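Since the structure comes first, as C-alpha cells, the remarks are kept for the end.
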Amino acid sequence: MGNHLLQHQALTATAIGIAAYIQSLPEGTPIGIKVLAARFPEGEIRIGSALRELETHGYLERRRERLATGRVVTRTYSYNKPGSTASTTAPLPPPPPDRTPTPEPRPEPQPESEPRPESEPAGPPAAASRAPDLGAFELLAGLRRYDPRLLLSERDVRRLAPDVSAWLERGVTPDAVARALSAALPAQMRRPASVLAYRLTALLPPHLPPAPPPPETRDIRRPDPLQNCTGCDRAFRAPRPGRCRTCPPEENAAA
C-alpha cells in the first residue's frame, strides 16, 4: 500500500479507509456493499459511493461476467496501484453450477441514491414483453416540460416505454404518470433515465379492483290516473272509472 492511495487528493476518507481494508483481506473474501456495511458503521449508501470513487480512480474494478449456465454475476477486482495488472484481492469464487436453465438476463437500472448490489442475477422485467403504445412514447418525450433535466434520448424512451405502458394499462392517467415521475427529483442526477426506470418499477400501482355492480333498479309503478267519481263528482285515483271510497257502491245507491 503506497502513499499514492493514503495521500490521494480526490478520494474521501471513507474511500481511502475501505480501500486499505479491502487490500488487507485474503484472496476470495466477499467485499460486497452489504458485507462492508455489516463491518463498518457507515451505511450502504456511503459505502456504495466510496466504492464508486475507487472505481473512478482505478483502485477497484467491477466486471459483469456470464457463467457457463448463462447466469450473470458481478466480480470485483482490487488493485494496489491504478493501472497495475496484478490484484491483491482475487475475484469472488464462482457460485456452484446451476442445472436449471436461466433465461437471457438484462441488467436492471439503479437510481442514483441506491447502492448497487455486488452480485445480482439480472432477469428481464415483466413489462419487457408488452408492446408499448404511442401514448407511452409521447409521455416520456414530454417529461422535459415538467423538468428540463428529463431530456431523454430516443434510446432511453424506447427502453422505458414498456414500463410506462404498464402504468397506463392499470388505469393511471398520463398526467398522473408524468407527475409521479417528475415530482421531488434528486438535486443531482447524472443519469435521469436510471431514476425514471427505478420509479417506474418501485412505484408501480396495483390493478384497480373490479367496479361494483350497478344498484338494482326498482320497479317503480306509476300512480293510478285521476278519475271523477260517478257519485259525488270528486277526483280520485283509480285504475278505472267508478266511485270513490266515500260513496256507496252503485248497487246500494240504486236500492
* Estimated inter-spin distance, Arg191 and Arg240, nm [label 7 Å along Cα→Cβ] -> 8.7 nm
* Work out, step by step, the length gained on full extension between Ala211 and Arg39: first 0.36 nm times the residue separation, then minus their alpha carbon distance; give nm to one decimal. => 56.8 nm
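Using 0.36 nm per residue of separation minus the Cα-Cα distance, give me the extension gain between His4 and Asp233 in nm, one decimal. Please list the in-between numbers first.
Details: separation 229, 0.36 × 229 = 82.44 nm, distance 11.79 nm.
Extra length available between His4 and Asp233 comes to 70.7 nm.
Grab the other residues whose beta carbon is less than 11 angstrom from that of Tyr146, score K and R as +1, D and E as -1, and report the net.
Combined, the nearby Lys, Arg, Asp and Glu give +2.
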* Asked: With each label point set 7 Å from Cα along the Cα-Cβ vector, what nm distance links Ala13 and Glu27?
  -> 3.5 nm
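I want the local charge near Leu60. Using Cβ-Cβ distances under 9 Å, sum +1 for each Lys or Arg and -1 for each Asp or Glu among the other residues. Walk me through the numbers before you get to the answer.
On the way: positive: Arg52, Arg62; negative: Glu53, Glu55, Glu61.
Cβ neighbours under 9 Å give a net charge of -1.
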* Enter the accessible area of Val172 (Å², nearest 10), with the probe set to 1.4 Å and all protein chains included. => 30 Å²
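Provide the net charge surrounding Asp175, with neighbours chosen by a C-beta distance below 13 Å and charges set as Lys +1, Arg +1, Asp -1, Glu -1. Can you show the working numbers first?
On the way: positive: Arg145, Arg179; negative: Glu138.
For residues surrounding Asp175, the net value is +1.
What order do Ser24, Ser165 take when sorted by accessible area (1.4 Å probe), most exposed first? Mind dumping the intermediate values first?
Numbers: Ser24 85, Ser165 5 Å².
Ranked from most to least accessible, the order is Ser24, Ser165.
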* Structure fact -> As a Kirkwood estimate from alpha-carbon pairs, segment 131-246 has a hydrodynamic radius in angstrom of 18.8 Å
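Sort Ile16, Ile31 by heavy-atom solvent-accessible area, probe 1.4 angstrom, most to least.
Details: Ile16 30, Ile31 5 Å².
Largest accessible area first, the list is Ile16, Ile31.
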* **List Leu150, Leu168, ordered by accessible area with a 1.4 Å probe, largest first** => Leu168, Leu150
* Asked: According to a simple spin-label model (label point 7 Å from Cα along Cα-to-Cβ), what is the distance in nm between Arg145 and Arg170?
  -> 2.4 nm
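The values are calculated or read from the model by the stated rules, or taken from the named source; none is laboratory data. All values derive from a computational prediction rather than experimental measurement. Don't worry about glycine lacking a Cβ; one is built from the backbone with ideal geometry, like all the others, and counts go over all protein chains shown. Accessible surface is based on the protein model in full, side chains and every heavy atom, while ligands, DNA and RNA are left aside. Shrake-Rupley method; radii C 1.70, N 1.55, O 1.52, S 1.80 Å.
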